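Have a look at the structure below, then the notes.
Each value in this text was obtained by applying a stated rule to the coordinates, not by laboratory testing. Bear in mind the structure is a predicted one, so any value in this text is a computation, not a measurement. Using ideal geometry, Cβ is built from the backbone for each residue, glycine included, and neighbour counts are taken over all protein chains shown.
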Amino acid sequence: MAEDRIYDVEDWERARDHSWRYFSLHAGQRMTTFNFFVVLSGIITAGIGAAIQGPPRLAVFGILLGIIMVLLSFVFWKLDQRSSFLIKHSEAAVIRIERELLPSDARLFSLEPTQSRAAGTGSGILAPWTFGRSLRTTFLGMALVGAAAMAICSMRVCGALTWEEANATITVTADRPASGQQLQEASE
């Protein structure tokens, strides 16, 4: 097999450089992709906010933006899964090379899991999170924002939710004076 044909230090060093470039490329792509997601979801969230606060006829756009947010979150989650696989694949190669070239205390990739567990404080949600867990939580949160936007905007389109009722303002016109009960509710 090809992996058994590396005999000297120079071959191991070339393999290390290749593995490191592969790791660096995919780790950088993962963060760039996530940054792009953050920018897009921020723009969509601003549009959703405007659609929710605007007149009910704009709520249709909020529904569309909510659908786009859910789909965008799903697509970026799938892209992150692929990037994560490629990063873990390159980490395995770097670990193998570390074992051949480096003393045990200098093997950063090999030592990282045990060092992270030893340094971690707390348990459950308070324990340190991986990048993957943090990114997946963000994707899920933004998908839920999109779903909530679809629900709220759908209620606005159907007339089941209006902001005029939520403000509880009482308008007194000259044609119809306010009753005592209405004035008491307004003062509360």
> So how do ILE63, ILE68 line up by other beta-carbon neighbours within 10 Å, fewest first?
Replying inline: ILE68, ILE63
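How large is the Kirkwood hydrodynamic radius of region 57-147, in angstrom, based on all distinct alpha carbon pairs?
Details: mean 1/r = 0.0622 Å⁻¹.
Mean inverse Cα-Cα distance, inverted, gives 16.1 Å.
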